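Enquirer: Take this structure, written in structure tokens, and hold onto it; I'll ask about it next.
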Amino acid sequence: MTAAVASPVHVRTIARRTGPSLPAAVGLEVRKSLSTRSGKALVAAATLLAPAAIAIAAGTASEPLDNVLGPLVVTGMLSALVLVALGVLSTAGEWSHGTVQTTFLLEPRRGRVMAAKSGAVALMGAAVAVVAAGLSALLLLVMEPSASWDGSARAIGMVAVAGAVFALIGAGVGAAVGNTPGALTGIYLLDLGILPVLQVVKPEIADKIDPGNAVLELAQGNHQALSITILAVWVGVALLAGTVMNRRRAVQ
């Protein structure tokens, strides 16, 4: 009688990712950005700059304000310009300070890291911009009681969009450049130097590429399709470049 010999059973090992879920990773990136002194300073500056500008403008105005829409959006853009730096620090700051090694060790999927950082800065940008716009609105309510509030809700909404958009642009450029001073210099040179000059010299060209002007147009209900396209292209190009360079750059 021959003994039966059991054939070996091959069990396929399934590797499971142990990293946090994307929402958890976004929350982690938010806490990381707010854990540094520079991050806290930028959030404070972005929150208080617009109300301070409103207070100065309303306090020194010789005539009462007709409508709050313009001041809310214009001063909201000041907050958005500060939030660019928050986005840059979230990505380029890791490369500048060498903490990217720990980040990629905990989560080797660089595209997922970029997605988490993008979600985090977008949430922070929108939230900070809304708080800044809300404080500005309260000041205007007290200092300009006779002003019209037509379009104010849309203005605050566009300020939130601007905060998220500019923070995302900063995150994308920061990841693409990998150097905090270089990324900040390039963005602010373009936003505060080249584009304003282009608005004077070639306004027909500037109106088709200027993200700040696109936000103003959206707030006023003008050229909405073009304005949305401009903002989408800026965010898309910045994040695409940041994702590609983030994957290719070697960790030193």
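Enquirer: Please enumerate the residues belonging to the range 230-252 that are of a type in the set (Lys, Arg) and touching a helix residue (DSSP H, G or I) at 6+ places or on another chain (Cβ under 6 Å). If you could, list the steps in order and put the result at the bottom.
Expert: Residues of the range 230-252 that are of a type in the set (Lys, Arg), as a first pass: 247-249.
The answer is 247, and nothing else.
Enquirer: Within the set of pairs 6+ apart or on separate chains, which have a first residue in the range 199-212 that is of a type outside the set (Asp, Glu), a second that is part of a helix (DSSP H, G or I) and open to solvent by 50 Å² or more (accessible area, probe 1.4 Å), and C-beta atoms under 8 Å apart?
Expert: Partner pairs satisfying both residue conditions: 206/199; 208/226; 211/234.
Enquirer: State which residue pairs qualify: first residue under 16 Å from residue 145 (Cβ atoms) and inside the range 45-61, second residue among the β-branched types (Val, Ile, Thr) in any location, beta carbons under 7 Å apart, and separation of 6 or more residues or different chains.
Expert: 54/75
Enquirer: Which residue, of 51, 20, is modelled with pLDDT under 90 and surrounded by 12 or more Cβ atoms within 10 Å (Cβ to Cβ)? Break it down into steps so the answer makes sense when it comes.
Expert: Values: 51 fails: modelled with pLDDT under 90.
Unique residue meeting the criteria: 20.
Enquirer: Of everything in the range 134-151, what is over 26 Å from the mean Cα position of the chain (by Cα) and either at pLDDT 95 or above or surrounded by fewer than 16 Cβ atoms within 10 Å (Cβ to Cβ) (or both)? Give them in sequence order.
Expert: 141, 142, 145, 146, 148, 149, 150
Enquirer: Among the residues of the range 86-108, are any farther than 15 Å from residue 39 by Cα, touching a strand residue (DSSP E or B) at 6+ places or on another chain (Cβ under 6 Å), polar (S, T, N, Q) and surrounded by 15 or more Cβ atoms within 10 Å (Cβ to Cβ)?
Expert: No, every residue in the range 86-108 fails to be farther than 15 Å from residue 39 by Cα, touching a strand residue (DSSP E or B) at 6+ places or on another chain (Cβ under 6 Å), polar (S, T, N, Q) and surrounded by 15 or more Cβ atoms within 10 Å (Cβ to Cβ).
Enquirer: Checking residue 214 against (1) outside any loop (DSSP other than H, G, I, E, B); (2) out of contact with any Ser or Thr (no Cβ under 6 Å at 6 or more places or on another chain), which test does it fail?
Expert: Residue 214 satisfies all of (1) outside any loop (DSSP other than H, G, I, E, B); (2) out of contact with any Ser or Thr (no Cβ under 6 Å at 6 or more places or on another chain) except (2).
Enquirer: Specify which of the listed residues (131, 121, 173) is at pLDDT 95 or above, touching a Ser or Thr at 6+ places or on another chain (Cβ under 9 Å) and surrounded by fewer than 24 Cβ atoms within 10 Å (Cβ to Cβ).
Expert: Details: 121 fails: surrounded by fewer than 24 Cβ atoms within 10 Å (Cβ to Cβ); 173 fails: surrounded by fewer than 24 Cβ atoms within 10 Å (Cβ to Cβ).
Step by step, each of 131, 121, 173 is checked, and only 131 is at pLDDT 95 or above, touching a Ser or Thr at 6+ places or on another chain (Cβ under 9 Å) and surrounded by fewer than 24 Cβ atoms within 10 Å (Cβ to Cβ).
Enquirer: Still on this structure, please answer the following. Could you list, in sequence order, all residues of the range 198-229 that are open to solvent by less than 50 Å² (accessible area, probe 1.4 Å) and closer than 16 Å to residue 80 by Cα?
Expert: 210, 211, 212, 213, 214, 215, 217, 218, 219
Enquirer: Restricting attention to the range 187-204, does a residue exist that is part of a loop (DSSP other than H, G, I, E, B) and farther than 22 Å from residue 38 by Cβ? Outline the logic, then answer.
Expert: Taking the range 187-204 as the starting set, the residues that turn out to be part of a loop (DSSP other than H, G, I, E, B) are 202.
Those left that are additionally farther than 22 Å from residue 38 by Cβ: 202.
Yes; the residues of the range 187-204 include at least one that is part of a loop (DSSP other than H, G, I, E, B) and farther than 22 Å from residue 38 by Cβ.
Enquirer: Tally time: how many residues in the range 187-197 are open to solvent by 40 Å² or more (accessible area, probe 1.4 Å) and either in contact with a Leu (Cβ under 9 Å, 6 or more places away or on another chain) or touching a residue at least 12 places away in the same chain (Cβ under 8 Å) (or both)?
Expert: At the first step, the residues of the range 187-197 found to be open to solvent by 40 Å² or more (accessible area, probe 1.4 Å) are 188-190, 192, 194, 196-197.
Checking the rest, the ones that are also either in contact with a Leu (Cβ under 9 Å, 6 or more places away or on another chain) or touching a residue at least 12 places away in the same chain (Cβ under 8 Å) (or both) come to 188, 192.
The total comes to 2.
The values are calculated or read from the model by the stated rules, or taken from the named source; none is laboratory data. The model shown is predicted, which means the values in this text are computed figures rather than measured ones. When we count neighbours, we look across all protein chains shown, and the Cβ atoms used for this are built from the backbone with ideal geometry, even at glycine. Each accessible area value is taken on the protein alone, full model and side chains, heavy atoms only, with ligands, DNA and RNA left out. Shrake-Rupley method; radii C 1.70, N 1.55, O 1.52, S 1.80 Å.
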